[in-house]
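The values are calculated or read from the model by the stated rules, or taken from the named source; none is laboratory data. Note that the coordinates shown come from a computational prediction; the quantities given were computed from them, not determined experimentally. Neighbour counts run over all protein chains shown; Cβ positions are idealised from the backbone, glycine included.
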Amino acid sequence: MRLALNPPYVSTSFHHTLSTTLEEDALAPLFGGVEWAGTRFWAAAEQTIEVLQERKPDLSPKTKRVLELGAGLGVPGICVSEMYDGVESVIVSDSENLLPQLTKNTESLEKVHPAALWWGDDDVSLLSKDGNGWDLVLCCDCIYEPLYGDSWVKLVDVLVQIFSLNDKTVALVSCERRKGDRVEDWVTMCESKGLAVSMEDRGSEGCEEMQWCEGQRTGKVEIFTLTK
């Protein structure tokens, strides 16, 4: 897969080759869903990049450290490292099975670093070298209970821990809406933990129907901004 960023997203055109191939050890649970989903570039990630561009005047000056959760291919994290001039470090994190893919996709990028993070088991604070957390957190299309189970509950816990490290963090969580995804419950739980949540409806651009979830996709992306 070829990633290309051109002006006005960046001052100088940026081109980068991405691997979408899982390691042999990760192929066995492929149709369990989680690993396979991490090899696709989803509409929610595309819309997140658009929002990063639209909010660049506000976010870029105060964004030095970035964390992407459930990064899959790592595209939004890679893009923000090129789009925002002040970015010093981006961590793209996902499960251990997807770490080889993330490593391939970031090995030539000085600012972007892959990391294994399994929500509910691993301590996200250990990824923050100075203990001060991150200015910007990204998470794309990771809330869908029929595929990911109750990981949306664990995502809330991870976000709460992230905001405890830095109460100035801004988190962008994007979701392509699907039937039974539990997004509303995730929002309610975030708010019950003291997080402020606002939503922007980005419409249906890029939301093509796919056979594996035929009839489940609503055809729209929503992006949630979380602050403390």
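Output the qualifying pairs, or none if there are none: Cβ atoms under 7 angstrom, residues six or more apart or on different chains, first residue in region 80-102 and in contact (Cβ under 8 Å) with a residue 60 or more places away in the chain, second residue crowded, with 20+ Cβ neighbours inside 10 Å and not aliphatic (A, V, I, L, M).
Asn97/Glu35; Leu98/Glu35; Leu98/Gly38; Leu98/Gly72
Looking only at residues in region 107-121 that are hydrophobic (A, V, I, L, M, F, W, C) and not in a strand (DSSP E or B), which one is farthest from Asn97 (Cα to Cα)?
Across region 107-121, the extreme among qualifying residues is Leu109.
Is it the case that Glu68 is crowded, with 17+ Cβ neighbours inside 10 Å, modelled with pLDDT of 95 or more and among the charged types (D, E, K, R)?
Criteria met by Glu68.
Take Asp130 and decide whether it is modelled with pLDDT under 95, farther than 19 Å from Ala44 by Cα and either over 16 Å from the mean Cα position of the chain (by Cα) or not β-branched (Val, Ile, Thr) (or both).
Here the answer is yes, as Asp130 does meet what is asked.
Do you know which of the residues in region 157-195 that are within 18 Å of the chain's Cα centre (by Cα) and acidic (Asp, Glu) is surrounded by the fewest Cβ atoms within 10 Å (Cβ to Cβ)?
Restricting to residues being within 18 Å of the chain's Cα centre (by Cα) and acidic (Asp, Glu), the top hit is Asp157.
Looking at region 20-53, which of the residues that are assigned to a loop (DSSP other than H, G, I, E, B) and more than 28 Å from Phe224 (Cα to Cα) is modelled with the highest pLDDT?
My answer is Thr21.
Val75 is checked against (1) more than 23 Å from Asn6 (Cα to Cα); (2) crowded, with 23+ Cβ neighbours inside 10 Å; (3) modelled with pLDDT under 95 and fails just one. What number does that condition carry?
Among (1) more than 23 Å from Asn6 (Cα to Cα); (2) crowded, with 23+ Cβ neighbours inside 10 Å; (3) modelled with pLDDT under 95, Val75 violates only (1).
Looking only at residues that are among the polar types (S, T, N, Q) and within 16 Å of the chain's Cα centre (by Cα) in region 80-99, which one is nearest to Tyr148 (Cα to Cα)?
Per the criteria, the residue is Ser95.
Tell me the residue from Asp122, Asp130 that is under 19 Å from Leu165 (Cβ atoms), surrounded by 15 or more Cβ atoms within 10 Å (Cβ to Cβ) and of a type in the set (D, E, K, R), please.
Of Asp122, Asp130, the one residue that is under 19 Å from Leu165 (Cβ atoms), surrounded by 15 or more Cβ atoms within 10 Å (Cβ to Cβ) and of a type in the set (D, E, K, R) is Asp122.
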